[in-house]
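The values are calculated or read from the model by the stated rules, or taken from the named source; none is laboratory data. Please read all numbers here as calculations on a predicted model, not as lab measurements. Cβ sites come from the backbone with ideal geometry, for glycine too, and all protein chains shown count toward neighbours. Surface accessibility is based on the protein's heavy atoms, side chains included, excluding ligands, DNA and RNA. Shrake-Rupley method; radii C 1.70, N 1.55, O 1.52, S 1.80 Å.
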Amino acid sequence: QVQLVESGGGLVQAGGSLRLSCAASGSIFKIDIMGWYRQAPGKPRELVAAITSGGYTNYADSAKGRFTISRDNAKNTLYLQMSSLKPADTAVYYCNANILPRYGTWHDHWGQGTQVTVSS
């Protein structure tokens, strides 16, 4: 019943900005760490940024200073504000969350992904 849905991807010019959102829904009791990952064609999936329920963040070196991860715990929503975008940021961005359902055990969940394309 738990699912994550990303939104906000699209085409943007180099140097531009984009804001991604990830909404968690279903029979959720608690959400621990949430994060954004990305995967470019032919490349392994990599962590972009992660955030704990208390707001502690961790960023990939490539994202530091340009991306900001945040979350609204009341809305079970994760965000990624991306600025100064580069063509190298082009990838499918996936939302990940460690979730405890109303009934059950902790599990990692993935969204379907949203495409971000940065043109030069």
Checklist entry - Before we move on, is V5 open to solvent by 40 Å² or more (accessible area, probe 1.4 Å), among the β-branched types (V, I, T), within 22 Å of T90 (Cα to Cα) and in contact (Cβ under 8 Å) with a residue 60 or more places away in the chain? => result yes
Next on the checklist: Can you say whether Y79 is open to solvent by 20 Å² or more (accessible area, probe 1.4 Å) and within 21 Å of S25 (Cα to Cα), as far as the supplied structure shows?
Outcome noted: yes
Checklist entry - Taking region 78-116 as the region of interest, how many residues are assigned to a strand (DSSP E or B) and either under 17 Å from P44 (Cα atoms) or of a type in the set (A, V, I, L, M) (or both)? => result 16
Checklist outcome for this item: Taking region 1-24 and the residues there that are out of contact with any Phe, Trp or Tyr (no Cβ under 9 Å at 6 or more places or on another chain) and not hydrophobic (A, V, I, L, M, F, W, C), the one that is nearest to D108 (Cα to Cα) would be Q3
Item to check | Whichever residue in region 14-49 is within 19 Å of T90 (Cβ to Cβ) and among the aromatic types (F, W, Y) and, among such residues, is least open to solvent (accessible area, probe 1.4 Å) | outcome: W36
Next on the checklist: I'm trying to understand the selection: among the residues of region 82-120, which are open to solvent by 40 Å² or more (accessible area, probe 1.4 Å) and in contact with a Cys (Cβ under 8 Å, 6 or more places away or on another chain)?
Outcome noted: W110
